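**Q** Dropping the structure in here first, questions after.
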Amino acid sequence: MARTPSTRILPSDITPPEVFFNRRQAIAAAIAAGVVGLAHEEPAGAASSGSGLKYTRNTRYSVNEAPNSYEDITTYNNFYEFGTDKSDPVQNAGSLRTRPWSVVVDGEAEVTGTFTLEDILKPHPLEERIYRFRCVEAWSMIVPWLGFPLGDLLKRFKPTSKAKYVQFTTLYDPKQMPGQRYPILDWPYVEGLRMDEAMHPLTLMVVGVYGKVLPNQNGAPLRLIVPWKYGFKSIKSIVKISFVERQPRNTWNVATPHEYGFYANVNPAVDHPRWSQAKERRIGNGFFAKRIDTLPFNGYADQVASLYKGMDLRRYF
Amino acid sequence: MNVDKRYRYIYKPLVFIGCLTPIAWLFAGGFGVLGQSLGPDPIKFTLHTLGKTSLNLLILTLLVTPVRHLAGWPHIVRIRRMLGLFAFFYALLHFTVYLVLDQELDYASVLKDIAKRPYITVGFTALVILIPLAVTSTNRMMRRLGRRWQTLHRLVYVAAILSVWHYYWQVKRDVREPLVYAAILAVLLGYRYLRRARSRRAVATSRSGSATAPERI
């Protein structure tokens, strides 16, 4: 089959700007029609949308590709806490209560304790960043996330020199998360990053998508997005952030260590034992969606490859 | 209406229509009619639906014999060939969608998958096993092969085991459903094994000239 490895972005892939930016009006209308906004968390200034969420568009960290539809992004989810089918989270996540929400911060930091979601979010202006999202199952999307750099949040807790890694924990409550009633994974879900990965400007704490508050099925109210790693690193519905000295466990690695590593950097050269990672299918292109080449570090190599200099990426997959 | 006519005009057409329903739903989803949709990843959805349907039909095919014995419906065997052929039909479509839509006719990649990825190797083997069974499913071939026909068609047990195995291996983590299939298959094959063992024992008992009557099986 003819392939075009050199041109990753076809002109037809790019949404005309007038179409793309007009969506704000639709979003504003949706918010006015009753979608709950983050009004009480609005940062000062940076007003770019008519009502509801306020944010600036960060073009520097955005890819120049057309985002997937809101529907694709919010109905095709891996969130095993709500079931293992892609369509389960949207059906079952209604039982998750995201307010009130609090986050425990502990470990090797000067500032620790329990913080309300409002405390966590207050100082951080929101930005929209259009990121590639690559699932370990070899499919991908383009998502306009709304969030702020994780590093800005972590600095507020003044991590000590012993803090080499940061670990995140998802809510554990089988009443709200029916998928946790079955021991499919070792609940609660945990994930971790090396400190330099966590502080990298691309690493995002996400509270919204497409200008709206994050829907439950996408990991509300607070989730991580690490765009150069496989999706399972981007832990959802976070209730705990721990600064730790040793490399923390991460759930999929505990489940099947030979299939999922700690680093999980997107890497077309290292296959999953059961399938190839060389290509991916971009969701949203229907029946005739072509597989496209997967890029090292999901296309973010120039920004993050230096973090792994000298490391054997085959060993530390 | 006698049994022949009931099968010819009622049961068989009903089974035929039933077997075509999954593909009709896929078409409805593909064209977005009747409230159906193939979802954000239509290729994967189609692939999985076809595979699952093939497996379901394979299980139904293997259910015919026990139902025939246990329910005392000797004629039900007449729908078995249709079920088996539809199982093969869906398996073939499953592979075709994988080859054409999923892999975009990238033969090198497909060959690599078949050789390198155990779950694909296993699934492909099951498909290959079903080919001679489909080819020899006609009345003429049954007559021509005589007793060997049944021996050959016992390969369906192997194909069924490999199909369930293929399903089990391709699931990322949640193996509950594949295990349900494995359990059903174990019951279906276990039934046959026990029945054979009992009939052998019965034959042995009667041959040894024992005074007791052979056990009724």
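**Q** Report, by chain and number, residues whose modeled amide H sits under 5 Å from the one on A:LYS240, excluding near sequence neighbours (fewer than 5 apart, same chain).
**A** Those lying under 5 Å, H to H, from A:LYS240 are A:VAL104, A:THR169.
**Q** Given charges of +1 on the Cβ of Lys and Arg and -1 on the Cβ of Asp and Glu, with all other atoms neutral, how large is the dipole of region A:23-307 about its Cα centre, in debye to the nearest 20?
**A** 260 debye
**Q** At a temperature of 37 °C and a viscosity of 0.692 mPa s, determine how fast region B:3-202 diffuses translationally according to Stokes-Einstein, using the Kirkwood radius over alpha-carbon pairs as Rh; express D in µm²/s, rounded to the nearest whole number.
**A** 179 µm²/s
**Q** Something else: Give me the accessible area buried between chains B and A, both sides summed, with a 1.4 Å probe, in Å² rounded to the nearest 100.
**A** 2500 Å²
**Q** For peptide A:280-288, what's the mean number of Cβ atoms from other chains within 10 Å of each residue's Cβ?
**A** 4
**Q** Could you work out, for region A:180-253, what percent of all Cα-Cα pairs fall into each 10 Å distance bin, beginning at 0 Å and stopping at the bin that holds the largest distance?
**A** Using 10 Å bins, I get a P(r) of 17, 50, 29, 4 for region A:180-253.
**Q** Extent of region A:23-307 along each principal axis, from alpha carbon coordinates, in Å, largest to smallest?
**A** Cα spread of region A:23-307 along its principal axes, largest to smallest: 49, 47, 41 Å.
**Q** A further question follows. What ³J(HN,Hα) values, in whole Hz, does the Karplus curve 6.51 cos²θ - 1.76 cosθ + 1.60 give for region A:302-317 when θ = phi - 60°, with x put for Gly and Pro?
**A** Residue by residue, region A:302-317 yields 4, 8, 10, 4, 5, 5, 10, 4, x, 8, 7, 6, 6, 7, 9, 7 Hz.
**Q** What list of ³J(HN,Hα) values in whole Hz, one per residue of region B:41-56 in order, does the Karplus curve 6.51 cos²θ - 1.76 cosθ + 1.60 (θ = phi - 60°) give from phi, with Gly and Pro shown as x?
**A** In residue order, the calculated couplings are 10, x, 5, 5, 4, 5, 4, 5, 5, 5, x, 5, 5, 4, 5, 4 Hz.
**Q** Quick one: what are the phi-derived ³J(HN,Hα) couplings along region A:62-77, Karplus 6.51/-1.76/1.60 with θ = phi - 60°, whole Hz, x for glycine and proline?
**A** Running phi through 6.51 cos²θ - 1.76 cosθ + 1.60 with θ = phi - 60° gives 9, 7, 9, 10, 6, x, 5, 5, 4, 5, 4, 5, 9, 10, 10, 10 Hz.
**Q** Divide the volume of the convex hull of the Cα atoms of the protein assembly as shown by its number of residues and quote the answer in cubic angstrom per residue.
**A** It is 210 Å³ per residue.
**Q** Students often check this: by mean Cβ neighbours within 10 Å, which of B:14-22, A:231-239, B:166-174, B:135-143 ranks highest, and how do the rest follow?
**A** A:231-239, B:166-174, B:14-22, B:135-143
The values are calculated or read from the model by the stated rules, or taken from the named source; none is laboratory data. Keep in mind the model is a prediction, meaning the values are calculated, not measured. Note: ideal-geometry Cβ built from the backbone for every residue, glycine included; neighbour counts use all protein chains shown. With ligands, DNA and RNA removed, areas are computed over all heavy atoms of the protein, side chains included. Shrake-Rupley method; radii C 1.70, N 1.55, O 1.52, S 1.80 Å.
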